[in-house]
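J.: Dropping a structure here in structure tokens format, bear with me for questions.
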2 protein chains.
Amino acid sequence: MTGTVVAVDVGGSGLRLQTCAVRPGAVLTAPGVRVGAGGIDVAALVADARALLASRAAGGEGEGEGADRGGRGGRDAESGPGAAAPEVVVWSMRGLLFLADRTEVLRIVAAGLGGRRTVVVSDAVANLVGATGRVGPGAVVAAGTGAVAFGTDFDRQWRRVDGWGHVLGDAGSAAALGTAGLRAALRAHDGLADGSPTLLGLAVDLLGPPELWPRQVMTTPDAPERLAAVAPLVSAAADTDPVALALCVRAGTDLGESLLRAADGLEAPHLAATGGLLAAAPVADALDRRLALAGAHRSPAHGGALDGALHLARQLRDTGAIPEHPAYLVSC
Amino acid sequence: MTGTVVAVDVGGSGLRLQTCAVRPGAVLTAPGVRVGAGGIDVAALVADARALLASRAAGGEGEGEGADRGGRGGRDAESGPGAAAPEVVVWSMRGLLFLADRTEVLRIVAAGLGGRRTVVVSDAVANLVGATGRVGPGAVVAAGTGAVAFGTDFDRQWRRVDGWGHVLGDAGSAAALGTAGLRAALRAHDGLADGSPTLLGLAVDLLGPPELWPRQVMTTPDAPERLAAVAPLVSAAADTDPVALALCVRAGTDLGESLLRAADGLEAPHLAATGGLLAAAPVADALDRRLALAGAHRSPAHGGALDGALHLARQLRDTGAIPEHPAYLVSC
């Protein structure tokens, strides 16, 4: 079968869409927050996705700023003016897990975009499929601003670990590492023995005097992002500062614990890790050492959530089958 | 000298006022938040304090709800209808340290309430004087919703330790203990080895399903109070749950570290600890053990910030002298 499939990835910073008939088209993006404190704005999602598909059908690929023209396939030769309704549409949504009305979301996006089959998956599932490149037993830990691990065999076990936000969890995330770095900086400021004068100097350069820090990160809506922005200072300082190194090792170890727990009980799981914090060598090294202690190892991540959504869409088109789970993966 | 002095304590939950000529009068209160994210509302403070003083002068002590009639002295015999302007007024203000315009605050409150001399002190200073019952070398750690230590000899050394808020510090506070308890609960929920199933059960009873917790404590303005409300669960569980006990020991140890650092360098300092968290025996015990390791010990706290402000007011009235510090204690 070669009908067109559509993958949509909805995150906190915008919406990304990719179509595929034979080979994947370019990634189209609609910037702007789509998952906020009030939940998911489904009507806005549908409008964004329709506009991107229309621009594509009219040959106006990319819509100016925000378009990622670095996609692997360039234009999708099979789509163009007059392209038929998609065969399959798969939406990956951050925050889906926390919605009571997942099937209602499914109904609205299915009506809004057309398509013979529509699937809505948690970004945990899309990340896993994207990272491991397959629909099979596996686990992935995502270490971005937040941190969450997810493991499943797409049958009886579906397990999420952490992802509780920067106040209550997200162990090993950039926000957690940045927070720990600022705490160590302030303890140096206060003259406590376990503080880091190095991190204090770096953080003052970034954020100004310590007296200004609490207001920046306590109850501001973008507190996690502000805290995560400190993480690169900590990982960069790990080469010379023992406190910073210890914090990075802790972050990587935490990520490893979450990943192992997510995979616990799976048969020969593929393991992967994604997210910007993995670019920090002392974090990634500690993660790998923790996995090795358990006799496990991870493979390089194939791709991201959009790739995973596209993979699921193609599988559904080609086989007619897709796993189901009331919280993680619903279809119609 | 027996002129009337007035002490005012301004905190996050309201304003408390006490007068004294020979013996202290009842504590009068004006509820309502006076220190918010936008800083101190000085005009509202002055209006509240004037109303309380007027109600007192007119014999209408207490003004209905909000009045604390449990004060130690009952009505102040020397004040009443037609009472003269106070000799000395001392204001203790939470958040004063973070104001750039402390002398402007001083000017406004002095003009608003009258009084021959007016003093504005940080609540750190008022807490210390109230807790140790004297104006001399000492340090106090306050363990309430937040945690901050302060030590001074009222001359060359004035040192604040921590008080950075629940995201960046407040080590050993009720908010920190509650946060740690919720983290341990969620780690049990996720099946991680270091979690506490006991705390999970208790926290679900208090807050509902874990899925609802992040939104309650991440960016809500009252997040510290919500987190602090979990602390009693943790300290109560410490009798039977090793994870809860370890968290309480950590909190008490953190408080001890902050107190010792605040006192470091002072000559024969008096040490004290205040705040609701000290009612938790495993926390208080750990604090005392940490002090003992350093060859130190604390005395029971005499009183609170309002007592400290009153002490300073009487000292200024009786001796004509009061210490000065641009950030902690300004007078005119």
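The values are calculated or read from the model by the stated rules, or taken from the named source; none is laboratory data. Keep in mind that what you see is a predicted model, and the values were worked out from it rather than measured. Here Cβ is always computed from backbone atoms with ideal geometry, including for glycine, and neighbour counts include all displayed protein chains.
J.: State yes or no: is A:Thr240 in contact with a helix residue (DSSP H, G or I) (Cβ under 6 Å, 6 or more places away or on another chain), farther than 23 Å from A:Ala126 by Cα, of a type in the set (S, T, N, Q) and modelled with pLDDT of 95 or more?
T.: Judged against the criteria, A:Thr240 is not a match.
J.: Taking strands (runs of 3 or more DSSP E) that fall entirely within segment B:102-166, which contain at least 2 residues that are closer than 21 Å to B:Leu45 by Cβ and touching a helix residue (DSSP H, G or I) at 6+ places or on another chain (Cβ under 8 Å)? Walk me through how you get there before you give the answer.
T.: Details: elements: B:117-122, B:138-143, B:147-152, B:158-162.
It comes to B:117-122.
J.: Continuing with the same structure: For residues that are touching a Phe, Trp or Tyr at 6+ places or on another chain (Cβ under 9 Å) and not hydrophobic (A, V, I, L, M, F, W, C), scanning just segment B:213-238, find the one that is surrounded by the most Cβ atoms within 10 Å (Cβ to Cβ).
T.: Filtering first and then ranking leaves B:Pro214.
J.: Between a residue in segment B:235-255 that is touching a residue at least 60 places away in the same chain (Cβ under 8 Å) and any residue that is surrounded by fewer than 18 Cβ atoms within 10 Å (Cβ to Cβ) and assigned to a helix (DSSP H, G or I), which pairs come within a Cβ distance under 7 Å, given they are 6 or more apart or on different chains?
T.: If the second residue must be surrounded by fewer than 18 Cβ atoms within 10 Å (Cβ to Cβ) and assigned to a helix (DSSP H, G or I), the pairs left are B:Gly252/B:Asp285.
J.: Just one of (1) touching a residue at least 24 places away in the same chain (Cβ under 8 Å); (2) not in a helix (DSSP H, G or I) trips up A:Gly295, so point out which.
T.: (1)
J.: Restricting the search to segment B:15-40, which residues are at pLDDT 75 or above, touching a strand residue (DSSP E or B) at 6+ places or on another chain (Cβ under 8 Å) and not in a strand (DSSP E or B)?
T.: Result: B:Ala21, B:Gly25, B:Ala26.
J.: If A:Leu168 passes every condition in (1) touching a residue at least 12 places away in the same chain (Cβ under 8 Å); (2) within 14 Å of chain B (Cβ to nearest Cβ); (3) of a type in the set (A, V, I, L, M, F, W, C) but one, which one does it miss?
T.: Checking A:Leu168 against (1) touching a residue at least 12 places away in the same chain (Cβ under 8 Å); (2) within 14 Å of chain B (Cβ to nearest Cβ); (3) of a type in the set (A, V, I, L, M, F, W, C), the one that fails is (1).
J.: Here's something else I'd like to know. Do you know which of the residues in segment B:1-14 that are within 18 Å of B:Pro86 (Cα to Cα), within 20 Å of the chain's Cα centre (by Cα) and among the aliphatic types (A, V, I, L, M) is surrounded by the fewest Cβ atoms within 10 Å (Cβ to Cβ)? If you could, list the steps in order and put the result at the bottom.
T.: Taking segment B:1-14 and keeping what is within 18 Å of B:Pro86 (Cα to Cα), we get B:1-9.
Now drop any that are not within 20 Å of the chain's Cα centre (by Cα), which leaves B:6-9.
Next cut, among the aliphatic types (A, V, I, L, M) only: B:6-8.
Numbers: B:Val6: 28, B:Ala7: 30, B:Val8: 31.
Looking at residues that are within 18 Å of B:Pro86 (Cα to Cα), within 20 Å of the chain's Cα centre (by Cα) and among the aliphatic types (A, V, I, L, M), I get B:Val6.
J.: Which of the residues spanning segment B:261-282 are closer than 23 Å to B:Pro242 by Cα and more than 18 Å from the chain's Cα centre (by Cα)?
T.: If the condition is that a residue be closer than 23 Å to B:Pro242 by Cα and more than 18 Å from the chain's Cα centre (by Cα), then B:Ala281, B:Pro282 are the ones that fit.
Per-residue answers, yes or no, for (1) at pLDDT 95 or above; (2) charged (D, E, K, R):
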| site | (1), (2) |
| --- | --- |
| B:Trp158 | yes, no |
| B:Gly163 | no, no |
| B:Arg183 | yes, yes |
| B:Ala188 | yes, no |
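J.: Given the criteria in contact (Cβ under 8 Å) with a residue 40 or more places away in the chain and either in the same structural domain as A:Ala171 (by TED's automatic domain parsing) or among the basic types (Lys, Arg) (or both), does A:Ala193 qualify?
T.: Taking the combined requirement at face value, the residue does not satisfy it.
J.: Go through A:Leu182, A:Leu186, A:Leu206, A:Leu192 for me and flag whichever is more than 7 Å from chain B (Cβ to nearest Cβ) and aliphatic (A, V, I, L, M).
T.: A:Leu206
J.: When you go through B:Leu233, B:Leu212 one by one, which is the residue that is at negative phi, more than 8 Å from chain A (Cβ to nearest Cβ) and at pLDDT below 95?
T.: Of B:Leu233, B:Leu212, the one residue that is at negative phi, more than 8 Å from chain A (Cβ to nearest Cβ) and at pLDDT below 95 is B:Leu212.
J.: In segment A:307-322, is there at least one residue being out of contact with any Leu (no Cβ under 6 Å at 6 or more places or on another chain), surrounded by fewer than 23 Cβ atoms within 10 Å (Cβ to Cβ) and outside any helix (DSSP H, G or I)?
T.: Yes - at least one qualifying residue is present in segment A:307-322.
To keep it simple, each residue is scored yes or no on (1) surrounded by 17 or more Cβ atoms within 10 Å (Cβ to Cβ); (2) over 14 Å from B:Leu316 (Cβ atoms); (3) in contact (Cβ under 8 Å) with a residue 12 or more places away in the chain; (4) not charged (D, E, K, R).
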| site | (1), (2), (3), (4) |
| --- | --- |
| B:Met93 | yes, yes, yes, yes |
| B:Leu99 | yes, yes, yes, yes |
| B:Arg107 | no, yes, yes, no |
| B:Gly115 | yes, no, yes, yes |
| B:Val121 | yes, no, yes, yes |
| B:Asn127 | yes, yes, yes, yes |
